[in-house]
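**Student:** The structure under discussion is supplied below as structure tokens; questions concerning it will follow.
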Amino acid sequence: MILLDGKATSASLQAQIAAEVDFFLDKGWRRPHLTAILVGDDGASQTYVANKERSCKKVGFDSTVLRLPASTTEEELLNEVKRLNRDDSVDGFIIQLPLPKHIDEQKVIEAVSPSKDVDGFHPENVGRLCLGLDTFISATPYGIITLLEEYGIETRGKHCVVLGRSNIVGRPIANLLSAKARPGDCTVTICHSRTQNIEEYTRSADIIIAALGVPGFVKADMVKEGAVVIDVGITRVPAETEKGYRIMGDVDFDAVAPKCSYITPVPGGVGPMTIVSLMRNTLKAYKAKHNLA
Ligand code: NAP
């Protein structure tokens, strides 16, 4: 069994990005700039945004966090989005989800200029991804694809079972892996909460991508010998730790790992790959703006 080390892989990608930034600075250009909008005070969202800020610092990007109160109205948020769309000093920006219930998330996503949509959530970018056109691939699927690529894992002709059909993970990764591309060329099955007998699908999978948010869902008897298992899940479960919780993935790692050819750990697998992919998208936006792509 080989551990798919997202931490090490992302560190090496970060170093490559940092070297590119140094190159731009040597030419007298400004740094790439990522902005995050954080509405409210959700603990997990604050952690994710802090991680993104830290990552920006590591690769030499400027980063700004726009912290708005939970009482922000939809109109106020849309005005901030419009302002960032026009702000030439910002290459890309993200709106940390989830948003407070009184704000229509889809409306806000659609207000972001596709050229600054480094999360890849705008329908134009999602459509481009579905068509196999150049776009901002949303960070988590981008990170998974990169990890498969970096480890030289063959995907052509393989059966991939994706557990979860969300717009940010399940659907785009299913799309990418079924595309006529490398990594890609998989036969993909998407399972969700209405799928019956999920284990019948997972047992025939060469590659399992678990993105459900149900800790320990994938058990050893659901996985065939030699499978590649990618665990996207991040759930905070109460624990007697300093923070009062620990992070659990969707895979029962200790029982499943011995059967796998490759498996991602949680934490240290898909998580760091997601963040570095956001950095790659921001660099892509910066280059496009400066006609460097
Ligand atoms: P989501 O929007 O809640 O979607 C979860 C999907 O799993 C849904 O399609 C749901 O089915 C399905 N599902 C839930 N329980 C199920 C069950 N018991 N059996 C079968 N299907 C079930 O979640 P998400 O945003 O895709 O995220 C999934 C997990 O990945 C979460 O733990 C999240 O925190 C984590 N995540 C991690 C990263 C990272 O960087 N590592 C990034 C993003 C998300 P229905 O559609 O039928 O409801």
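The values are calculated or read from the model by the stated rules, or taken from the named source; none is laboratory data. Since the model is a prediction, treat every value here as computed from it, not as a measurement. We place every Cβ from the backbone using ideal geometry, glycine too, and count neighbours over all the protein chains shown. Note: accessible area is taken over every heavy atom of the protein model, side chains too, but ligands, DNA and RNA are not part of it. Shrake-Rupley method; radii C 1.70, N 1.55, O 1.52, S 1.80 Å.
**Student:** Every residue in region 24-53 that is of a type outside the set (Asp, Glu) and within 17 Å of ASN281 (Cβ to Cβ), please.
**Tutor:** Matches in region 24-53: PHE24, ARG31, PRO32, HIS33, LEU34, THR35, ALA36, ILE37, TYR48, VAL49, ASN51, LYS52.
**Student:** Give me the residue from region 225-240 that is open to solvent by 70 Å² or more (accessible area, probe 1.4 Å) and outside any strand (DSSP E or B) and, out of that set, nearest to the ligand (Cβ to nearest atom).
**Tutor:** Checking each candidate, the answer is ILE234.
**Student:** For region 18-56, give me each residue that is among the β-branched types (Val, Ile, Thr) and either out of contact with any Lys or Arg (no Cβ under 7 Å at 6 or more places or on another chain) or not in a helix (DSSP H, G or I) (or both). Quick ask: steps written out before the conclusion?
**Tutor:** Going through region 18-56, the residues among the β-branched types (Val, Ile, Thr) turn out to be 21, 35, 37, 39, 47, 49.
Listed by number, the residues that qualify are THR35, ILE37, VAL39, THR47, VAL49.
**Student:** Output yes when any residue across region 153-172 is within 25 Å of ILE109 (Cβ to Cβ), near the ligand (Cβ under 9 Å from one of its atoms) and assigned to a strand (DSSP E or B), and no when none is.
**Tutor:** Within region 153-172, one or more residues are within 25 Å of ILE109 (Cβ to Cβ), near the ligand (Cβ under 9 Å from one of its atoms) and assigned to a strand (DSSP E or B).
**Student:** Restricting the search to region 181-211, which residues are open to solvent by less than 60 Å² (accessible area, probe 1.4 Å), touching a strand residue (DSSP E or B) at 6+ places or on another chain (Cβ under 7 Å) and not in a helix (DSSP H, G or I)?
**Tutor:** Of everything in region 181-211, those that are open to solvent by less than 60 Å² (accessible area, probe 1.4 Å), touching a strand residue (DSSP E or B) at 6+ places or on another chain (Cβ under 7 Å) and not in a helix (DSSP H, G or I) turn out to be CYS186, VAL188, THR189, CYS191, SER204, ALA205, ASP206, ILE207, ILE208, ILE209, ALA210, ALA211.
**Student:** Going by the structure shown, is VAL218 under 21 Å from the mean Cα position of the chain (by Cα), surrounded by 19 or more Cβ atoms within 10 Å (Cβ to Cβ), away from the ligand (no atom under 16 Å from the Cβ) and under 20 Å from GLY170 (Cβ atoms)?
**Tutor:** No.
**Student:** List, please: which pairs have Cβ atoms under 6 Å, are six or more places apart or on different chains, and start with a residue in region 160-177 that is on the phi < 0 side of the Ramachandran plot and open to solvent by 10 Å² or more (accessible area, probe 1.4 Å) and end with one that is within 6 Å of the ligand (Cβ to nearest atom) and not in a helix (DSSP H, G or I)?
**Tutor:** Pairs that qualify, where the first residue is on the phi < 0 side of the Ramachandran plot and open to solvent by 10 Å² or more (accessible area, probe 1.4 Å) and the partner is within 6 Å of the ligand (Cβ to nearest atom) and not in a helix (DSSP H, G or I), are ARG165/HIS192; VAL169/ALA211; VAL169/VAL232; ARG171/ARG165.
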